[in-house]
Amino acid sequence: MPTGFVNQAQLGEAVSEAAKMLDAREVRDVRFTLGADAEGEPSIFFGILLTPYAVHTSRFANVTGKITTTLFDELQPFNRWGLQSYFNFTSDLSHFKNSGWM
């Protein structure tokens, strides 16, 4: 699949639709940026703002696994968009708003 050109509006809409499938008790917001990963491959970097409920030690691994699986399966970042995918999680709103953390 050719990479390098992504319709960001179309991708943004797809991310919004996929984010609606996530549990609101666990996820407050989802955003993304596009760029190259450490190896120079076209990539999508997700920033996911979790609720306090989601970050509880007993749930965290399960919650993050469900989120990554849902977004990956719904968006198919590599097959549909030619993008490697990376997921970053936080429950700190100020951290989430900082564009440099993803």
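The values are calculated or read from the model by the stated rules, or taken from the named source; none is laboratory data. Not measured: the values here are computed from a predicted model. For neighbour counting, all protein chains shown are included, and Cβ atoms are generated from backbone atoms with ideal geometry for every residue, glycine included. The area values use the complete protein model at the heavy-atom level, side chains included, leaving out ligands, DNA and RNA. Shrake-Rupley method; radii C 1.70, N 1.55, O 1.52, S 1.80 Å.
Could you work out how far helix 60-75 tilts from the main Cα principal axis of the chain, as a 0 to 90 degree angle to the nearest 10?
Approximately 30 degrees, to the nearest 10.
Would you mind computing the Rg to Rh ratio of the chain from its alpha-carbon coordinates, Kirkwood style for Rh? Intermediate results must be reported in sequence, preceding the final value.
Working: Rg = 13.5 Å, Rh = 14.0 Å.
Dividing the radius of gyration by the Kirkwood radius yields 0.96.
Need one value: the accessible area of T57 in square angstrom, 1.4 angstrom probe, rounded to the nearest 10.
Using a 1.4 Å probe on the heavy atoms, I get roughly 130 Å².
Is the stretch 43-91 best put as rounded, prolate or oblate by its Cα gyration tensor, with a ≥ b ≥ c the root eigenvalues, rounded for a/c under 1.5, and otherwise prolate when a/b is larger than b/c, oblate when not?
Details: a/c = 3.43, a/b = 2.18, b/c = 1.57.
Cα axes put the stretch 43-91 in the prolate bin.
Over the chain, what is the percentage of antiparallel beta bridges among all DSSP beta bridges, to the nearest 5? Present the calculation step by step, with values, prior to reporting the outcome.
On the way: 9 of 16 bridges.
Approximately 55 percent, going by the DSSP bridge assignments.
Please report the net charge: other residues with Cβ closer than 14 Å to the Cβ of T90, K and R +1, D and E -1.
On the way: positive: R28, R31, K97; negative: E26, D29, D92.
Summing Lys/Arg as +1 and Asp/Glu as -1 gives 0.
What does the extension gain come out to for Q8 and N79, with contour length at 0.36 nm per residue minus their alpha carbon separation?
Numbers: separation 71, 0.36 × 71 = 25.56 nm, distance 1.59 nm.
24.0 nm is the gain from fully extending Q8 to N79.
If you take the charge dipole of the chain about its Cα centre, with +1 on Lys and Arg Cβ and -1 on Asp and Glu Cβ, which of G12, T64, F87 is farthest toward its positive end?
T64
Treating the angle as unsigned and between 0 and 90°, give the value, to the nearest 10°, between the Cα long axis of helix 8-19 and the longest Cα principal axis of the chain.
Approximately 30 degrees, to the nearest 10.
With a 1.4 Å probe and every protein chain left in place, work out the accessible area per residue of the chain in Å², rounded to a whole number.
60
Which GluC sites (Glu not before Pro) from the stretch 1-68 combine a DSSP loop assignment with at most 11 other Cβ atoms within 10 Å?
Details: sites: E13, E17, E26, E39; in loops: E26, E39.
Passing both the DSSP loop test and the Cβ count: E39.
Taking the Cα atoms of the stretch 1-50, what is the range of coordinates along each of the three principal axes, in descending order and whole Å?
The principal-axis extents, from largest down, are 36, 23, 15 Å.
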